[in-house]
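I have placed the structure first, in the form of C-alpha cells, so that the comments after it can refer back to it.
The values are calculated or read from the model by the stated rules, or taken from the named source; none is laboratory data. No experiment lies behind these values; they were computed from the predicted model shown. Ideal geometry is used to build each Cβ from the backbone, glycine not excepted, and the neighbour counts take in all protein chains shown. What goes into the accessible areas is simple: the full protein's heavy atoms, side chains included, and nothing from ligands, DNA or RNA. Shrake-Rupley method; radii C 1.70, N 1.55, O 1.52, S 1.80 Å.
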Amino acid sequence: MAKKGSRHDTIRRIIREKAIRTQADLVRELAKLGFKVTQATVSRDVNQLGLEKMPSETGKSTYILAEDKHLRRMCEDLVISADQSNNLVVIKTIPGGAQSVASAIDAAKWEEILGTVAGDDTILAVGKGEKAAKTVVDRIKKLVK
C-alpha cells in the first residue's frame, strides 16, 4: 500500500508540474522517477485519483487533478492577485471570495503550504519556505489565467 500511496503522490506532483497528455506519457514520467508500472496500473491510478482532461493554453488536452480543477474555477472567478513575502503568500480575492478560495486550496492539499487563513477578501497562505511560497504564487497566477 505504501508503494501505491507513494506512486499517487508522485503522480499528483507530475500532473501539477508537467503537461501530461496521455497515460503513456505518465508511464514514461513515472519510469524516469524509478516507478516500473504498466499502462493498466496507470489507468487504475488515473481513475482512483479522479484525473480529468482539460484543454491547456496550447489547446491540447492534458490531465488535471479533480481538486485542482475546482481550484482553477475558483481562481478564475474570484482571485485578483497573489504575492509573496518570504514564506508567506497573500492572495487577494473579490469581496466575500477569500474563504471559498482558501477552502479550495486546502482541499487541493498542496505540499508546499502549511496552512491558510482567510478573511473577507484576503488569504494568508504559509509556505514551507521561500521557494515553496514562490511555487504557490506561480501556480495561483497560472490558475487565474
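Of all accessible surface on the chain at a 1.4 Å probe, what whole percent is carbon and sulfur?
The nonpolar share, carbon plus sulfur, comes to 51 percent.
Where the only charges are on Cβ atoms (+1 Lys, Arg; -1 Asp, Glu), what is the dipole of the chain about its Cα centre, to the nearest 20 debye?
So the magnitude is around 780 debye.
Between their Cα atoms, which of K32/K69; K36/K131; K69/K145 are more than 21 Å away from each other?
Check vs 21 Å cut-off fails for K32/K69; K36/K131.
Cα-Cα pairs above 25 Å in the chain: how many percent?
32
Distance between Cα centroids, region 1-71 to region 92-132: provide it in whole Å.
After rounding, the separation between the Cα centres reads 24 Å.
I need to check one value: relative contact order of the chain, counting alpha carbon pairs closer than 8 Å and at least 6 residues apart, in percent.
Relative contact order, the chain: 18 percent.
Write down the accessible area per residue of the chain in Å², having rolled a 1.4 Å probe over the full set of protein chains.
Computed with neighbouring chains in place, this is 57 Å² per residue.
If I build a Gaussian network model for the chain, linking alpha-carbon pairs within less than 10 angstrom, which residue out of T135, T38, T58 has the largest mean-square fluctuation?
Comparing T135, T38, T58 in the GNM, the peak value goes to T58.
Using a/c under 1.5 as the rounded threshold, could you call region 7-66 rounded, prolate or oblate? The axes a ≥ b ≥ c are square roots of the C-alpha gyration tensor eigenvalues, and prolate needs a/b larger than b/c, oblate otherwise.
Prolate, since a/c reaches 1.5 and a/b exceeds b/c.
Non-local amide H neighbours of T62 (under 5 Å, H modeled in plane, Pro and chain starts lacking H): which ones?
M54, S56
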